[in-house]
Every structure is written in structure tokens, then in C-alpha cells.
Amino acid sequence: MHQHAPVILDVAGLELTAADRPRLKNPLTGGVILFARNWQDRHQLLELTSAIKAIRSDLLICVDHEGGRVQRFRTDGFTHVPPMRAFGELWMDDGKGAKAVPGSGALRASNAATAAGYVLGSELRSCGVDFSFTPVLDLDWGESGVIGDRAFHRDPRVVALLAKSLMHGLLQAGMANCGKHFPGHGFVKADSHTDIPVDKRSLKAILADDAAPYPWLSSTLTSVMPAHVIYPKVDMRPAGFSARWLQDILRRQMRFDGAIFSDDLSMEAARRLDGQVLSYTDAAVLALAAGCDMVLLCNQSLGDGQAVDELLDGLAQAQANGRWQALEASEARRQALLPETAPQPWDDLMVQPAYMQALDLLP
């Protein structure tokens, strides 16, 4: 059995440093998340991803690449994928007057979302990136500044079908997917990067609405990221630290068996539990105990990267002390997110008919 490798960390710059290499070799490291600061052009990105894979071929190279304003690589030929709201608007547009065909907008939008998934997934994979944290399944309540046009629609049925279409496109590109932010981040105004939003609705209301896409997509979703939100009627802990949300509701009730990622533990709000700010290690141990398979620590490799080493050392110590268990099932879920096919080289992709047609279908 492989050692369970739960940590997704980042690297500071455009190429690997002497400090990055031992962190990537650490058996607790399961992947790398890339940011705009790791991007100069396609050639550099491919060199960086190849260098990471040369250290360990099983590391999962991830990025937040949804389209709209959340897209880390935007130049040197990368297609600007529209924000997800554009697909929701297309869904509602059945044409005007005598030419209107009821429902035609929904079918066009579904096809366009598949095209977007294919374009996004195949371009990333050409540059050696394995995985993107997409799609957003949050509902567009018009309240959340942090979600905003990242959401497809207000109706969970429309969200589920457009997300399923996008995931179909990712699958054609050989890429897994990540539904976020479970059970829903669209209803609250506060930005969880700075403080913890609180959603006071009942479990019944949340399941009927915001969380509805998750069971509907249980056969399609390969991973989920919980919301950094507290739902006090269900649990006083944020969803990503809550066994009630992750094990009772998501795993047992909704029968989800894919990977669960914690949100970024470097957000101070993510470590403020029961009134105190926890260390990275304690927060990671709590997230793993609650049911996360992997924990993210972002933007901490900058400078001396002390926080990254602290987390890797602390988790090793916590494992030795029996504070968390390496789970074979968690490692299998992580490995299942790695692509199984070879990526297409960029120049081949550019002239491939399926890719050219997909570009034409984008709104």
C-alpha cells in the first residue's frame, strides 16, 4: 500500500528551488497547487510541471481554473473561459418572437458548458497540469461577493445539469473534477478568506436547495471541497471540520465516495475553531479526522516556507502519536484523481477538430 499523502502544498516561484524539492519528496505530500505567480508562459509551466513529476510521478498538480475571474493562466494562448453565470444566462435564452424554441437555450447551454470543460481541461493538461478545482456548485443568490458570477444559476437543477455538462467536457480531456463549496456558499455575504460566514438556515432548507446538486451528481463528481461556512443549526464547526457534514451527510446520506479536500488552511478563519486559532498541524489533524482525504496549505512556500515544513513535520509527529490514521481509502481516492491518459501536446491540440469546434461553442 502507498503511504497516505494528504498534503497539497505550493511552490514559491517559476521553477523549483532547493527548498521545494525535499517538500515534494516528503511521503506526506500528495500534490501541488499552482498560482498565477507560478506562471510566465506555457514553456515555463511545462518545465515546472515536468520538474515536479520528475521528483514523484504520482503528485497531483492542481490549479483553481474555473473561467471568468478565477483563472490563473490567461496569456500565451490560454482561452479566456467565460464565467459560469454566462452559461446560466444562455440556458434562459430561448430566442425571441416567432423563432423562439422552448428549451433550446438549455440544450445550447449544456453543449457550451461541455465545450468549456473540454477547452479548459485539455489546455491545462497540455501544460502538465492534472486537475482543476471546478465546477462551482454554489447557487447564485445574488448575495455573495466571493461567489458572484462564479455560480451558474439560482436554480439547483440548472446548476446540476450545467455542472454535469462541464464535467463531461473535463472527462473528454481526461481530467477529474471538484464540486465546491459543499453544502453551499452562495447564501452568505461574508468572505471566508477573512472571517467565517454563518448560514443560519435549517438542515432541511439547505438540503432542499443549496446542497441538492451533490446527491444528483453523486455518479459524476470525483471530488468535493467543503465550504468554509458555519451552519449552526447543523454543527458549530465549519463544514470542512465537521464529521456531521462530511461523514454523516455527504458520505452516508448522499453516498458520495470520491475525494474530499479541505479548503486552504492558511486562511486564519479556517483555523479559528471554538474561539482559538489553531496551528496548521492541529487544523489539518481536525480536518482529516472530520473526513477530509486531503488538506490544502496555500501561499506558505513564500519566504522561508516555514509553515509548510511545520505542517509536514507536525503531521508526521501526529501520525506517530496516533492522532490521525493513514487511510488506504483516502490514498486510493487521491490516486483516482490522476489522469489515466497521455495529454496532447499544445500544437496538436490547436489543430484538433474537437478542440476547434469546442472553441466555437463558447458563449
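The values are calculated or read from the model by the stated rules, or taken from the named source; none is laboratory data. As the structure is a computational prediction, the values presented were derived from the model and not from experiment. Cβ: placed from backbone, ideal geometry, glycine included. Neighbour counts: every protein chain shown.
So, in region 197-226, of the ones that are touching a residue at least 60 places away in the same chain (Cβ under 8 Å) and part of a loop (DSSP other than H, G, I, E, B), which residue ends up surrounded by the most Cβ atoms within 10 Å (Cβ to Cβ)?
ASP210
Tell me which of these LYS189 doesn't satisfy, since it passes every other one: (1) surrounded by 19 or more Cβ atoms within 10 Å (Cβ to Cβ); (2) in contact (Cβ under 8 Å) with a residue 40 or more places away in the chain.
Single failed check for LYS189: (1).
So which residues in region 1-47 are polar (S, T, N, Q) and assigned to a loop (DSSP other than H, G, I, E, B)? Full working, then the answer.
Filtering region 1-47 for residues polar (S, T, N, Q) gives 3, 17, 26, 29, 38, 40, 44.
Within region 1-47, GLN3, THR17, ASN26, GLN40 meet the criteria.
Report yes if ASP195 is farther than 30 Å from SER50 by Cβ, in contact with a helix residue (DSSP H, G or I) (Cβ under 7 Å, 6 or more places away or on another chain), at pLDDT below 95 and not hydrophobic (A, V, I, L, M, F, W, C), otherwise no.
So ASP195 fits the description; yes.
Show the residue pairs that are 6+ apart or on different chains and have beta-carbon atoms under 7 Å apart, the first residue being within region 17-28 and among the hydrophobic types (A, V, I, L, M, F, W, C), the second being part of a loop (DSSP other than H, G, I, E, B) and at pLDDT below 95.
ALA19/GLY305
Within region 152-162, count every residue that is aliphatic (A, V, I, L, M), crowded, with 23+ Cβ neighbours inside 10 Å and farther than 16 Å from VAL224 by Cβ.
As a first pass, look at region 152-162 and keep what is aliphatic (A, V, I, L, M): 158-162.
Filter once more, keeping what is crowded, with 23+ Cβ neighbours inside 10 Å: 159, 162.
So of that shortlist, the ones also farther than 16 Å from VAL224 by Cβ come out as 162.
The qualifying residues number 1.
Could you figure out which of (1) touching an Asp or Glu at 6+ places or on another chain (Cβ under 8 Å); (2) in a helix (DSSP H, G or I) isn't true of VAL285?
(1)
Only one of GLU47, GLU89 is out of contact with any Phe, Trp or Tyr (no Cβ under 7 Å at 6 or more places or on another chain) and within 29 Å of ASP348 (Cβ to Cβ); which? Walk me through how you get there before you give the answer.
Details: GLU89 fails: within 29 Å of ASP348 (Cβ to Cβ).
Residue meeting the stated conditions: GLU47.
Residues GLU310, GLU331: which one is assigned to a helix (DSSP H, G or I) and more than 13 Å from GLY30 (Cα to Cα)?
Values: GLU331 fails: more than 13 Å from GLY30 (Cα to Cα).
So the residue among GLU310, GLU331 that is assigned to a helix (DSSP H, G or I) and more than 13 Å from GLY30 (Cα to Cα) is GLU310.
Kindly indicate the residue of region 90-119 that is in a helix (DSSP H, G or I) and without any contact (Cβ under 8 Å) to a residue 12 or more places away in the chain and also nearest to LEU166 (Cα to Cα) among those meeting that condition.
Just the residues of region 90-119 that are in a helix (DSSP H, G or I), to begin with: 90-92, 97-99, 104-119.
With without any contact (Cβ under 8 Å) to a residue 12 or more places away in the chain added as a condition, the list becomes 97-99, 104, 107.
Numbers: GLY97: 30, ALA98: 31, LYS99: 27, SER104: 18, LEU107: 13 Å.
This residue is LEU107.
Of everything in region 125-151 that's charged (D, E, K, R) and not in a helix (DSSP H, G or I), which residue is surrounded by the fewest Cβ atoms within 10 Å (Cβ to Cβ)? Full working, then the answer.
Step one: list which residues in region 125-151 are charged (D, E, K, R), which gives 125, 130, 138, 140, 143, 149-150.
From the residues that got through so far, the ones that are not in a helix (DSSP H, G or I) too are 130, 138, 140, 143.
Values: ASP130: 24, ASP138: 29, ASP140: 22, GLU143: 14.
Here the residue is GLU143.
Quick one: which residue in THR49, THR17 is touching a strand residue (DSSP E or B) at 6+ places or on another chain (Cβ under 8 Å) and within 22 Å of ASP309 (Cα to Cα)?
Result of the check over THR49, THR17: THR49.
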